[in-house]
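The values are calculated or read from the model by the stated rules, or taken from the named source; none is laboratory data. Predicted model only: the values in this text are computed from it and were never measured. Here the Cβ positions follow ideal geometry from the backbone for every residue, glycine too, while neighbour counts run over all protein chains shown.
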Amino acid sequence: MKLNARQQNILLRLRQREDVQIDAMSEHFQVTTQTIRRDVNQLCKAGYARRIHGGVGLPVQLSNSSYQYRSDIQFDAKDKIAQKVANSIPDGSTIIMGIGTTVTRIAYYLKTKHRVITNNLQVVRILEMNPDIEVYIAGGLFRSQQQDVVGNNVTEFFNNFEADIGILGCAGITNSHCAMEHETAEAEISKCIVNNSRQTWLVADATKWAISASVKVAALSQFDQIYSNYTNLPSELPLISVK
């Protein structure tokens, strides 16, 4: 389902609060309650939300944000970030690509000869038809909702490489400018990418600054480049602005 901007904002508010009221959304977006109900009905029909008394909430199966749910939020911004990242990678690079929907979008735009090391199964599926790219896949525990592989096997596998560039996303970013993940397993893999890459690039759309997560990956100052459509960052941070 292609979400309009207001529907994307409704889903973002749901991720922050778990449920919101129709009247409150009508006031916030300055549209009629009928317009909000129409948006909500479409979200519910697509399985992204569920109706509750007077409002809308996250479905139980999406409480931890399914892959498709996350893919649709800020899709256009993620796609622009992905194109800019792909165009910035030198030919013949060895790249470790972590998990996340923005990282996945980058795979669509990799055209020249590269070596890609990843635990992101969506990246593997996208690159399988590209004869110019060697793909090395980590083994471990498969998570269907996240479309990835996690565990000690992944970090041990990544430790065998020294990549030119490590590319990773994150679940959220704190006010103190730290990239965060929801789970320790995800954070450990991201830290491993940082440790095994000559340069580390973070990709994060603007919604990441509104999401709370509890496990620290790294301070933003530790990244060589930060690609985002979020612009309110200190000038000393290596932001590559994407509009």
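May I ask you to list the residues in the stretch 121-158 that are part of a loop (DSSP other than H, G, I, E, B), charged (D, E, K, R) and crowded, with 20+ Cβ neighbours inside 10 Å? Before you say what the answer is, go through the steps one by one.
To start, the set of residues in the stretch 121-158 that are part of a loop (DSSP other than H, G, I, E, B) comprises 128-132, 138-140, 144-147, 151.
Narrowing the set further to residues that are charged (D, E, K, R) leaves 128, 132.
Once the filter is applied, which keeps residues that are part of a loop (DSSP other than H, G, I, E, B), charged (D, E, K, R) and crowded, with 20+ Cβ neighbours inside 10 Å, the stretch 121-158 yields nothing.
Take the stretch 224-243 and flag every residue that is in contact with a Ser or Thr (Cβ under 7 Å, 6 or more places away or on another chain), among the aliphatic types (A, V, I, L, M) and assigned to a loop (DSSP other than H, G, I, E, B).
Selection gives LEU237, VAL242.
Can you find a residue that is touching a Ser or Thr at 6+ places or on another chain (Cβ under 6 Å) and under 25 Å from PRO90 (Cα atoms) anywhere in the stretch 138-148?
no
Could you say which residue among ASP91, ASP39 is out of contact with any strand residue (DSSP E or B) (no Cβ under 6 Å at 6 or more places or on another chain), modelled with pLDDT of 90 or more, crowded, with 20+ Cβ neighbours inside 10 Å and not hydrophobic (A, V, I, L, M, F, W, C)?
Answer to the check: ASP39.
Name every residue in the stretch 80-112 that is closer than 20 Å to VAL242 by Cα and either touching a Lys or Arg at 6+ places or on another chain (Cβ under 7 Å) or of a type in the set (Asp, Glu) (or both), in order of residue number.
Result: ALA82, THR101, THR102, ARG105.
Across the stretch 130-164, which residue is nearest to the chain's Cα centre (by Cα) among those that are farther than 19 Å from THR101 by Cβ and β-branched (Val, Ile, Thr)?
Step by step, filter the stretch 130-164, then rank; the result is THR155.
Could you list, in sequence order, all residues of the stretch 193-207 that are in a helix (DSSP H, G or I) and surrounded by fewer than 23 Cβ atoms within 10 Å (Cβ to Cβ)?
Of everything in the stretch 193-207, those that are in a helix (DSSP H, G or I) and surrounded by fewer than 23 Cβ atoms within 10 Å (Cβ to Cβ) turn out to be VAL194, ASN195, ALA206, THR207.
ASN232 passes all but one of (1) surrounded by 20 or more Cβ atoms within 10 Å (Cβ to Cβ); (2) modelled with pLDDT under 90; which number fails?
Exception for ASN232: condition (1).
For ALA187, state whether it is touching a residue at least 60 places away in the same chain (Cβ under 8 Å) and assigned by TED's automatic domain parsing to the domain that holds GLU156.
When the stated conditions are applied, ALA187 does not pass them.
GLY166 versus (1) surrounded by 21 or more Cβ atoms within 10 Å (Cβ to Cβ); (2) out of contact with any helix residue (DSSP H, G or I) (no Cβ under 9 Å at 6 or more places or on another chain); (3) touching a residue at least 40 places away in the same chain (Cβ under 8 Å): which is the lone unmet condition?
Failed condition: (2).
Would you point out the residue of the stretch 80-98, among those that are touching a helix residue (DSSP H, G or I) at 6+ places or on another chain (Cβ under 7 Å) and outside any helix (DSSP H, G or I), that is nearest to LEU127 (Cα to Cα)?
Filtering first and then ranking leaves MET97.
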